[in-house]
Amino acid sequence: MTQKAIPLPQLTGFSERNGCWYAEEVSLVDLAKEFGTPLYVYSKKALTQAYQAYDKACIGPGGKRRARVHYAMKANSNLAVIDCLKKLGAGFDLVSGGELSRALAIGADPKSLVFAGVGKSATEIAQALQVGVKCINVESIAELHQINRVATKLNCRAPISLRVNPDVDAQTHPYISTGLKGNKFGIAYHEVLKTYREAALLPQIDVVGIDCHIGSQITSTAPYLDALDKVLELVAQLKKEGIEIHHLDLGGGLGISYGDDSPPDITEFTNTLLDRVAERGFGHLDVVLEPGRSLVGNAGVLLTQVEYLKPGAEKNFCIVDAAMTELMRPALYEAYHAIVPVQTKAIPKTTYDIVGPVCESGDWLGRDRQMAVEEGDLLAIMSAGAYGFVMASNYNTRPKPAEIMVDGNKAFVIRAREKIQDLFSSETILPE
């Protein structure tokens with residue numbers, strides 16, 4: 001079976017020239033020769049342009065809008081990536097104490113940090129309060145009381161917002177849908193007012209915002225507007241009860257094109273949301289946007305080398321040196337990534353499943369792809385900048401790949417390749 005022809009995603013930092021693929025001004029062939037494979041390669045230009053597309057709308061006509069990008073670090077938390085975004089003006093959305101430590105390591109202002117996540121520990125809450133984050137997004141009544149207890153012990157105030165579960169279908173993969181009443185995230189819509197009333201009475205809690213996040217890889221504006229309208233209704237009701245909301249956190253989740261997806265233009269999408277906020281009479285609120293994938297997804301590729309071509313009775317396999325350990329999305333979500341030969345060859349195409357060497361039948365990167373390749377050739381797996389390296393593992397005792405950032409005609413190692421000895425350096429065997 002041959003997969004239907006799917007166009008390549010529109011890429012800013014990567015291009016094909018005379019039959020060879022480049023990251024900005026650097027040949028992917030040269031990068032593979034110098035740094036080996038598998039190899040993650042990111043484009044600073046692509047990161048920058050995606051951020052600026054959001055920022056243009058956040059600034060708005062006359063520079064009067066009160067909106068800011070808080071990058072969702074879970075998409076790609078490499079220090080060089082988040083430092084680039086910090087220098088562009090981004091704040092950060094965090095979901096763990098580890099991500100908080102990463103943000104602080106690059107000198108992020110604690111007041112630019114929003115701490116989210118459904119299962120924050122008491123230790124993580126204390127860490128966030130001690131450094132003075134902008135806000136902690138609360139996802140359950142139990143967590144609300146835990147935050148109050150931790151703040152009492154620390155003798156400090158805890159700025160919080162409640163994450164509203166608006167029961168809106170984001171029409172995305174069920175594993176990355178977060179705004180339905182059957183999902184684990186957020187506080188049920190019908191429980192929100194009662195929970196805010198409870199929060200307002202707790203001695204160490206400062207109610208500062210309201211939060212909503214409905215999912216990931218969303219390619220339509222309509223679900224966002226549905227959720228936004230429901231959240232703004234809550235803000236209006238809270239005001240009547242004397243509970244003032246100062247910021248509105250609209251979350252992230254805007255999709256990217258992996259080939260045949262058609263997400264809205266970033267600037268137009270953001271303008272639509274911010275215009276709706278103003279039209280409803282809430283233009284005085286600070287607005288937090290938390291994009292992740294749409295900033296970094298198409299700013300990265302994964303390079304891999306063809307090890308073997310294995311013809312079969314029912315399938316032909318192109319076995320490469322990357323695997324589900326480097327890119328989990330296909331195995332986890334049956335996600336599609338475009339895969340292209342780094343150098344074009346004038347040889348016949350054959351239909352292959354692109355698979356890795358890991359001992360699992362689920363270790364595949366692309367199915368039914370027509371490829372003109374030979375053993376030893378390089379492939380580029382596109383749109384791998386988000387949820388790529390951050391989901392990588394050491395299964396089968398495989399060292400994690402290096403990460404490279406390209407800026408114009410220069411390439412920088414932003415994470416060294418792991419060595420096999422690194423993987424068991426902290427292990428010990430029992431004494432005789």
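The values are calculated or read from the model by the stated rules, or taken from the named source; none is laboratory data. Just so you know, these numbers come straight off a predicted model, no measurement behind them. As a convention, Cβ positions derive from the backbone with ideal geometry for all residues, glycine included, and neighbour counts pool all protein chains shown.
Here is how the numbers come out for the structure above:
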{"read-out": "Among (1) out of contact with any helix residue (DSSP H, G or I) (no Cβ under 8 Å at 6 or more places or on another chain); (2) outside any helix (DSSP H, G or I); (3) within 17 Å of G13 (Cα to Cα), the one test that V29 misses", "value": "(2)"}
{"read-out": "In the range 381-402, the residues that are in contact with a helix residue (DSSP H, G or I) (Cβ under 6 Å, 6 or more places away or on another chain) and not hydroxyl-bearing (S, T, Y)", "value": "G385, A386, N394, P399, A402"}
{"read-out": "Residue identified as more than 20 Å from N78 (Cβ to Cβ) and at pLDDT 95 or above among V390, V406, V342, V413", "value": "V342"}
{"read-out": "V235 touching a residue at least 60 places away in the same chain (Cβ under 8 Å) and aliphatic (A, V, I, L, M)", "value": "no"}
{"read-out": "Residue in the range 267-280 that is modelled with pLDDT of 95 or more, touching a Gly at 6+ places or on another chain (Cβ under 7 Å) and under 28 Å from L28 (Cα atoms) present", "value": "no"}
{"read-out": "The range 42-64 residues that are within 14 Å of L11 (Cβ to Cβ), paired with ones that are in a loop (DSSP other than H, G, I, E, B) and of a type in the set (D, E) (beta carbon under 6 Å, 6 or more apart)", "value": "S43/E24; K45/E24"}
{"read-out": "Among the candidates A322, A335, A313, residue that is assigned to a loop (DSSP other than H, G, I, E, B), in the same structural domain as D30 (by TED's automatic domain parsing), hydrophobic (A, V, I, L, M, F, W, C) and under 16 Å from the mean Cα position of the chain (by Cα)", "value": "A335"}
{"read-out": "Verdict on L47 being outside any loop (DSSP other than H, G, I, E, B), in contact with a strand residue (DSSP E or B) (Cβ under 7 Å, 6 or more places away or on another chain) and either surrounded by 23 or more Cβ atoms within 10 Å (Cβ to Cβ) or modelled with pLDDT of 95 or more (or both)", "value": "no"}
{"read-out": "Spans of strands (runs of 3 or more DSSP E) in the range 61-145 with at least 2 residues buried (at least 18 other Cβ atoms within 10 Å of the Cβ) and aliphatic (A, V, I, L, M)", "value": "67-72, 113-115, 135-138"}
{"read-out": "Leading residue by the ranking (nearest to the chain's Cα centre (by Cα)) among those in the range 344-371 that are crowded, with 18+ Cβ neighbours inside 10 Å and under 23 Å from N298 (Cβ atoms)", "value": "L365"}
{"read-out": "Subset of the range 181-210 that is surrounded by 12 or more Cβ atoms within 10 Å (Cβ to Cβ) and assigned to a loop (DSSP other than H, G, I, E, B) - its residue that is modelled with the lowest pLDDT", "value": "K181"}
{"read-out": "Exclusive hit being closer than 30 Å to A32 by Cα and not charged (D, E, K, R), set G252, G242, G312, G283", "value": "G312"}
{"read-out": "Where H145 falls short, out of the listed (1) closer than 22 Å to K239 by Cβ; (2) modelled with pLDDT of 95 or more", "value": "(1)"}
{"read-out": "Pair list, Cβ < 8 Å and 6+ apart or interchain, from the range 347-364 residues that are assigned by TED's automatic domain parsing to the domain that holds N316 and within 20 Å of T397 (Cβ to Cβ) to residues that are buried (at least 19 other Cβ atoms within 10 Å of the Cβ) and of a type in the set (S, T, N, Q)", "value": "G356/T325; V358/T325"}
{"read-out": "Complete set of residues in the range 17-26 that are in a strand (DSSP E or B) and without any contact (Cβ under 8 Å) to a residue 24 or more places away in the chain", "value": "R17, Y22"}
